[in-house]
1. Filter the range 323-367 down to residues that are loosely packed, with under 14 Cβ neighbours inside 10 Å and of a type in the set (Asp, Glu) and give me whichever is nearest to ALA258 (Cα to Cα).
2. Of everything in the range 177-221, what is open to solvent by 10 Å² or more (accessible area, probe 1.4 Å) and at positive phi? Give them in sequence order.
3. List pairs: first in the range 112-139 and within 19 Å of GLY166 (Cα to Cα) and open to solvent by less than 40 Å² (accessible area, probe 1.4 Å), second at pLDDT below 95 and part of a helix (DSSP H, G or I), Cβ under 9 Å, 6+ apart or cross-chain?
4. Of the numbered conditions (1) over 26 Å from ILE33 (Cβ atoms); (2) assigned to a helix (DSSP H, G or I); (3) open to solvent by 40 Å² or more (accessible area, probe 1.4 Å), GLY84 fails exactly one; give the number of that condition.
5. Can you confirm whether MET287 is farther than 19 Å from LYS198 by Cβ and open to solvent by 10 Å² or more (accessible area, probe 1.4 Å)?
6. So, in the range 219-244, exactly how many residues are assigned to a loop (DSSP other than H, G, I, E, B) and either over 23 Å from ARG168 (Cβ atoms) or not β-branched (Val, Ile, Thr) (or both)?
7. Being in contact with a Phe, Trp or Tyr (Cβ under 7 Å, 6 or more places away or on another chain), in a loop (DSSP other than H, G, I, E, B) and not aliphatic (A, V, I, L, M) is true for just one of SER148, SER175. Which residue is that?
8. How many residues does the range 18-59 contain that are assigned to a loop (DSSP other than H, G, I, E, B), at pLDDT 95 or above and surrounded by fewer than 18 Cβ atoms within 10 Å (Cβ to Cβ)?
Amino acid sequence: MSERKCAKKSILFSPGPVMVEAPVREALMHYDICHRSPEFEEMFVDVQEKVKRLFEADDSYYSLIVSGSGTSANETCLSSVFKGDDMALLLNNGVFGGRLDEILTKYEVPTVRLEFPWATMFDMAKVEEALKNNPKITYICMVFHETSTGMINDVHAVGELAKKYGKRLFVDCVSAAAGQFIDVCNNNIDICTSVGGKCLGAFPGAAYICAKKDLLESVPASQGKNVYLNLGKHYDIAKSNHQTPNTPNVTLFWALDAALDWTLERETLAGRIKRYQECAKILRDGMKEMGLKFLLPEEQMANTVTSVFLPEGKDVATFVSELADAGYTVYPGKGKYYDMNMFQVANMGAIYPDDCKKFLEVLKQHI
């Protein structure tokens, strides 16, 4: 057997996977159970209710858990909700808007595409014009926190248009849930998604969906175009048996449950978001003092991701490698921003103010 190189521990200032709290990691050691057991079913129902609280949902919503990444939850929804000649309106201003486009294309969903430059807010006049001109649109699809730039899109404004024109609103909240206030009711969100290994501070592989009950009731399993990622199947078996259609990643359910408990009970959702805002401010103030430039104006930035340009002459690949050697993981920019030597610092998960101050000390030595 070949020897495996052991990397030293790194502090993850990256937008997933994230640092987790001790009780979340310890939950992985839960004793083995069968997923077709009363104990699992009791935990499943408990997690469903906690997920609703994460999205500030009322009793008109229902939640589901999907074993997979955030993309698996998105694909579960978008491969299932469209029927006949229903159309999607896709609002895209980054990598993850493009990921939604990839799913819609793969399942041959007729789609009106509004492409906006990366790091640019949606033009609401164009959104409204598209809704007026395409009456077959049934869903508006968008990303809440476009992680590729760190931008928070104007979900509320889109939600108001969805309400005005009688459309459903699908929102990818993968990098937003537990990091931003989602408020599905106030923002007129009909169905949204996220995953444990982002702002919630669990592990990758346990994704979840929060949707209007009347929407779920209107999506039969036979309408889904995927066997495993089938929204109707997930809803039917969750409602009737408090289980998943196929064998789930049982161990990660316990960790997801522990992360929800930490966020909702110990720290509180408001407390967690406040910590993220505090950490982001420390990082941004410190990087400004170093003379670094940001991609976005601060009012458009997420609470958990900051996109920063290196000084002229610095190579981002070398810089990321040097920080890794110093014990810190950051992400290089995507697409054209990689060529512009942009990097991203995330403060998701178990990152605290002192961690941010120590990071800044190390960062200063490498710019």
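1. ASP354
2. The answer is ASP183, ASN188, GLY205.
3. If the second residue must be at pLDDT below 95 and part of a helix (DSSP H, G or I), no pairs are left.
4. (2)
5. Values: farther than 19 Å from LYS198 by Cβ: yes; open to solvent by 10 Å² or more (accessible area, probe 1.4 Å): no.
Spelling it out, it is not the case that MET287 is farther than 19 Å from LYS198 by Cβ and open to solvent by 10 Å² or more (accessible area, probe 1.4 Å).
6. Of the residues in the range 219-244, 11 are assigned to a loop (DSSP other than H, G, I, E, B) and either over 23 Å from ARG168 (Cβ atoms) or not β-branched (Val, Ile, Thr) (or both).
7. That would be SER148, the only listed residue that is in contact with a Phe, Trp or Tyr (Cβ under 7 Å, 6 or more places away or on another chain), in a loop (DSSP other than H, G, I, E, B) and not aliphatic (A, V, I, L, M).
8. Residues in the range 18-59 being assigned to a loop (DSSP other than H, G, I, E, B), at pLDDT 95 or above and surrounded by fewer than 18 Cβ atoms within 10 Å (Cβ to Cβ): 3 in total.
The values are calculated or read from the model by the stated rules, or taken from the named source; none is laboratory data. The structure presented is a predicted model; accordingly, all values stated were derived computationally and were not measured. Neighbour counts run over all protein chains shown; Cβ positions are idealised from the backbone, glycine included. What goes into the accessible areas is simple: the full protein's heavy atoms, side chains included, and nothing from ligands, DNA or RNA. Shrake-Rupley method; radii C 1.70, N 1.55, O 1.52, S 1.80 Å.
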